[in-house]
Amino acid sequence: MIFTPEKRFTEAQTEHYYKIRLDPYKLHHSKGMEYRSICPLHPDGDNPNALLVHLDDGHFICWTKGCKGHDIYAFEMGMLKAEGKLHNVDQVIASIENILGETLTKKEYPKAEIIIPGKGRDRSRASARYLYTDEDGIEIYSAWRYEGDPKEVLPDRPAIVGIDPEESIADGRIWGYRGARRVPYHLPDLIQSMVVFAVEGEKNADDLNRAISQYIIKLRQKTGKGLRFMNHFLDHIAVTTNLGGALAWQQKYEYGRYFTGKTVIKLGDNDGPGRIHDQSFCEDVVRFAHRLYKLELPVSEKQDISDYLKDHSFEDFMALWPECGLYEEKKPKESVFGDEILTPKPVMVSPHELMSGETTEKKWFVHKLIAEKSKGLVVAKPKTGKSLFFLDIAVALATNTRVLSIPSKGRRVKVGVISREDGPELVYERLDALARGRGFRIHDLKDYIKVNTDAQTSSFMIDNQQHLDEMAAWIKAEGLEYCIIDVLNKIHNGKENSNDDMGLITRKFDELREKSGAQICVIHHSNAQGESRGASSIFGWADYTFKLESEIEDPDIKKLSVVWKNGATLPTRYMKYVQSHEDTVSQILLLDRRQ
Ligand SMILES: [Zn+2]
C-alpha cells in the first residue's frame, strides 16, 4: 500500500483506522457513522464525547480544544505529535500503513492468551467492542467480540467500587451485566429516529448502519435531501439489536417502550433461534410501535443482512422494502405451538388441590415444581432430552435462575449430577451451552455443580454397598443438596420387572439419601407407551414423577407432566429446546399456550 497525503483514503480504510486508533479512547457510536471519543490530540482530555469523528469520510473535530482535520492523515499526524514522535510525511504514512495492516479480526499476539480465573478474558484481544449506552450516551455495558472457535460475544460493565467483588475487577471492569439496566443497542440514535431497523446481533447492526449512513450521505450530497420514506425525508435511520443474541429479547427487559410511535422494520432471520428472535421481538414491539413490519431477506438458511450486503447494493436492499409485511398482533391460540387449549383456571377444586396452593408450608427447590425433602422420578423414552432438561434444572438451581419461568430456591443450591449414561465430554458441552443460555460461563458453576461420570469412577452400582457408601460420603463432603442420577438401568444389577428387585433398589436410594443428606431424583427410561417401565415399586417410590414427551410434529417441543404421589397434578407444560449456531448456547424455553 502506498499512500500520499493527497490521495483520499477509502471509507473502509478510514473506518478501520479509527476503530483501532481510537479504541483506547472510548470510541463509541453517536449516530449514523458519527462516532465520539476522548480527544487524544490535546493534553488532559478525558471528556468521552469531546472528539467527533466521521468513520466514513474521516472528518474529525474536537469540541473542547478545537483540534480538527478532514482525513486520517491529518489525524495520524496529530497523534504522532501528541505522542511526542516524529511526524513528517514518511513517518505519518508508515504509521497509518502499520495500523491498517492490523486486522480487527485476526490480531496476532506473541503470547497465548491467559484467562485469569475470576477475571476472565483479556479485553485487548477482542476483535470488536459494542457499547450499550443510556439516553445520554453514558456506557451501561459493553459486549466484546472474540473470534476463534467458538466465536464469543461476552458482556461486561464498569465495576461498582465497594459492591462488586474486588477480586473479579480488572481495569475497573467486571464481566457479566448482572444488575445493569437493559437497553437496546444504539439507544440515543434509536430515540432520535423515526424509522428503525432491528436485526439480530451487533455486527449485523453495525454493518447495516454503515450501509444506510453512507447511502444517505451520498444522497444528500447529490440531491440536498435525505432518504424519502412515506412523506418524509430522513437524514438518518437507527439500526438496533439487543445484548445476548437471538434468545435474549424478552419482554421483561422492557426494550419495547423505546419504540413508541416509531416505524419499525424487523429483518427476518433465517435459522431456528433467529425465528424465535423475530417472534419475541415482534410480540414485544408491536405493543408500542406506530407500525411494525417484517422483512424477509432473500438469503439462504443461516445467512443474514451482513451476508446480503456483501454482494448487494443498498439500492438492492431498498428494492425489497415494498415486500415488507405488516406485523399484527396475533389472537390467542393462533400460536404455532399446536392444537391443545389450556383448560381455564377452575373456580372449584378438589380438597387435595387446595394443598398444592400458596397456603402450603412446603419448601421448594423450584416453586411448585420440585419440593425439598422429596424423591423424584423422571420418566421418558430414550432420546427425549430428559438428561438435558435435568442438566438445565441443575444449572438453574446452581445459578439461582428460573426454571420454565418459575423462580428457583432464592439462593444458589449445590447440585450433584451422577451421569452414568453420558460421558464427560457430552456432559461438559451440555453444561457449558446451558450455562451460556442463562448468561453464565461454565466457570460460574464450579462450586455449585459436581459431576460424576465413568471418568471419575469406572463403575457406580447402587446395589453395591461399597459404591453406595463411597458415593454418599462424597455427596455429603461436597454438601450437595440435590442429586440427579442418570439413568436407573445403568446403576443396578436387578431385574426391572421384578417388584422384589426394584423394591430393594429403591431402598438403596433411600439409604443414599439418608447417608448423603441430598435429595435424589432418578431418571428412568419409559416403555414405548411412555409409562414407567418395569415394576410398580419404582413408580411407588417417588413423591413426584416428571413425564417428558416429544411432540410428534416438532421433536424440539416437549410436553412435561408432573404427578405427585398425593394425586396432585400440575398443569401440563410445553417447552422448546433451542440451540444457537454451532450449539454453543442452549436454552429450554417455556411455551405459554395461554398467549
Ligand atoms: Zn482535542
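Just so it is clear, none of the values below were taken in a lab; they were calculated from the coordinates. The shown structure was predicted, so the numbers you read here are calculated from the model rather than taken from an experiment. Cβ placement follows ideal geometry from the backbone for every residue including glycine, while neighbour counts extend to all protein chains displayed.
Which of the chymotrypsin sites (Phe, Trp or Tyr not before Pro) found in the range 61-97 are in a DSSP loop and have at most 15 neighbouring Cβ atoms, other than their own, within 10 Å? Numbers along the way, then the final one.
Numbers: sites: Trp63, Tyr73, Phe75; in loops: Trp63.
Within the range 61-97, the qualifying chymotrypsin sites (Phe, Trp or Tyr not before Pro) (loop, at most 15 other Cβ atoms within 10 Å) are Trp63.
Out of the trypsin sites (Lys or Arg not before Pro) in the range 258-336, which ones are loop residues according to DSSP with at most 15 other C-beta atoms within 10 Å?
Values: sites: Lys262, Lys266, Arg275, Arg287, Arg291, Lys294, Lys302, Lys310, Lys330, Lys333; in loops: Lys262, Arg287, Lys302, Lys330, Lys333.
Within the range 258-336, the qualifying trypsin sites (Lys or Arg not before Pro) (loop, at most 15 other Cβ atoms within 10 Å) are Arg287, Lys302, Lys330, Lys333.
Between Glu254 and Lys381, what length comes free when the chain is fully extended (0.36 nm per residue of separation minus the Cα-Cα distance, one decimal in nm)?
Working it through step by step, the gained length comes to 41.8 nm.
Can you put Leu267, Leu320, Leu100, Leu247 in order, fewest other beta carbons within 10 Å first? Each step should come with its number before you reach the end.
Details: Leu267 27, Leu320 15, Leu100 18, Leu247 21.
Starting with the residue having the fewest Cβ neighbours, the order is Leu320, Leu100, Leu247, Leu267.
To the nearest 0.05, how large is the calculated FRET efficiency for Glu83 and Ser127 if R₀ is 30 Å and r is the Cβ-Cβ distance?
On the way: r = 24 Å, r/R0 = 0.82.
Approximately 0.75, to the nearest 0.05.
Rounded, prolate or oblate for the range 11-100? Axes are the square roots of the Cα gyration tensor eigenvalues, ordered a ≥ b ≥ c, and the cut-off for rounded is a/c under 1.5.
Details: a/c = 1.79, a/b = 1.20, b/c = 1.49.
It comes out oblate by the Cα gyration axes.
For the pair Arg181 and Ala473, what calculated FRET efficiency results from E = 1/(1 + (r/R0)^6), where r is the Cβ-Cβ distance and R0 = 41 Å, to the nearest 0.05?
Details: r = 46 Å, r/R0 = 1.13.
Between Ala473 and Arg181 the formula returns 0.35.
Could you give P(r) for the range 187-326, binned at 5 Å from zero, as whole percent values over all Cα-Cα pairs?
Calculated P(r), rounded to whole percents: 2, 10, 20, 25, 22, 13, 6, 2, 0.
Near Thr384, within a Cβ-to-Cβ distance under 9 Å, what is the net charge of the other residues, with Lys and Arg +1 and Asp and Glu -1?
Values: positive: Lys381, Lys383, Lys386, Lys558; negative: Glu549.
Summing Lys and Arg as +1 and Asp and Glu as -1 gives +3.
For the chain, take the longest principal axis of its alpha carbons; what is the angle in degrees between that and the long axis of helix 465-478, to the nearest 10 within 0 to 90?
40
For the chain, find the longest principal axis of its Cα atoms and tell me its angle to the long axis of helix 424-437, 0 to 90°, nearest 10.
Relative to the chain, helix 424-437 is tipped by roughly 60 degrees.
Can you compute the charge dipole magnitude of the chain about its Cα centre, using +1 on each Lys and Arg Cβ and -1 on each Asp and Glu Cβ, nothing else charged? Give it in debye, rounded to the nearest 20.
On the way: 83 positive and 90 negative charges, 275 e Å.
Dipole magnitude for the chain comes out near 1320 debye.
In square nanometres and to one decimal, what's the mean projected area of the convex hull around the Cα atoms of the range 123-175?
4.3
Where the convex hull is taken over the Cα atoms of the chain, what is its projected area averaged over directions, in nm²?
On the way: hull surface 129.4 nm².
The number I arrive at for the chain is 32.3 nm².
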